[in-house]
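Below you'll find the structure, written out as structure tokens, and then a few comments.
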Amino acid sequence: VQLQASGGGLVQPGGSLRLSCKVSGIISSGNIMNWFRQAPGKQRELVSSITTSGSANYADSVKGRFTISRDNARNTVYLQMNSLKPEDTAVYYCNTFIRAAPYWGQGTLVTVSS
């Protein structure tokens, strides 16, 4: 199982980015897929999840600004991030659990700064 995250970069406050997580080795639509982030000096936190039925959940800090989605044909999960704030700066990781074992992508750095 491999998760390949991409799409991070430097963006000004108020800007947007779309992260992608390409999944191989499993059918991503059959698994709950998650986006986590870890800011410098802080613990990794759950940002958003999408269930097998397509229901989405978000951390309070990103509600109304971030949108998680999946493209089953491409076996890819996305995180659209709008109205970005400096406090969104972190390494973002895609994740899933298979039989209780966590699988992580390599992380993609998002920096929000003017």
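Here are the numbers for the structure shown:
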{"item": "Accessible-area composition of segment 1-110, carbon plus sulfur, in percent [1.4 Å probe]", "result": "49"}
{"item": "Extension reserve of the Gln106-Ile26 stretch, reckoned as 0.36 nm per residue once the Cα distance is removed", "result": "27.1 nm"}
{"item": "Computed E for Ser83/Gln43 - FRET, C-beta separation, R0 35 angstrom, nearest 0.05", "result": "0.90"}
{"item": "Trypsin sites (Lys or Arg not before Pro) restricted to DSSP loop in segment 1-107 with at most 12 other C-beta within 10 Å", "result": "Lys42, Lys63, Arg74, Arg99"}
{"item": "Accessible area expressed per residue, the chain, with surrounding protein chains retained (probe 1.4 Å, Å²)", "result": "53"}
{"item": "Scattering curve values for segment 73-112, log₁₀ I(q)/I(0), Debye with Cα scatterers, q = 0.33, 0.35 Å⁻¹", "result": "-1.14, -1.18"}
{"item": "Normalised per residue, the volume of the convex hull around the Cα set of segment 32-91 (Å³)", "result": "82"}
{"item": "The chain - percent relative contact order, Cα under 8 Å, separation 6 or more", "result": "37"}
{"item": "Average projection area in nm² (convex hull over Cα atoms of segment 1-74, one quarter of hull surface)", "result": "5.8"}
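The values are calculated or read from the model by the stated rules, or taken from the named source; none is laboratory data. Nothing here was measured: the structure is a model prediction, and the numbers come from that model. Cβ sites come from the backbone with ideal geometry, for glycine too, and all protein chains shown count toward neighbours. Please note that ligands, DNA and RNA were not included when accessible areas were found on the heavy atoms of the full protein model with its side chains. Shrake-Rupley method; radii C 1.70, N 1.55, O 1.52, S 1.80 Å.
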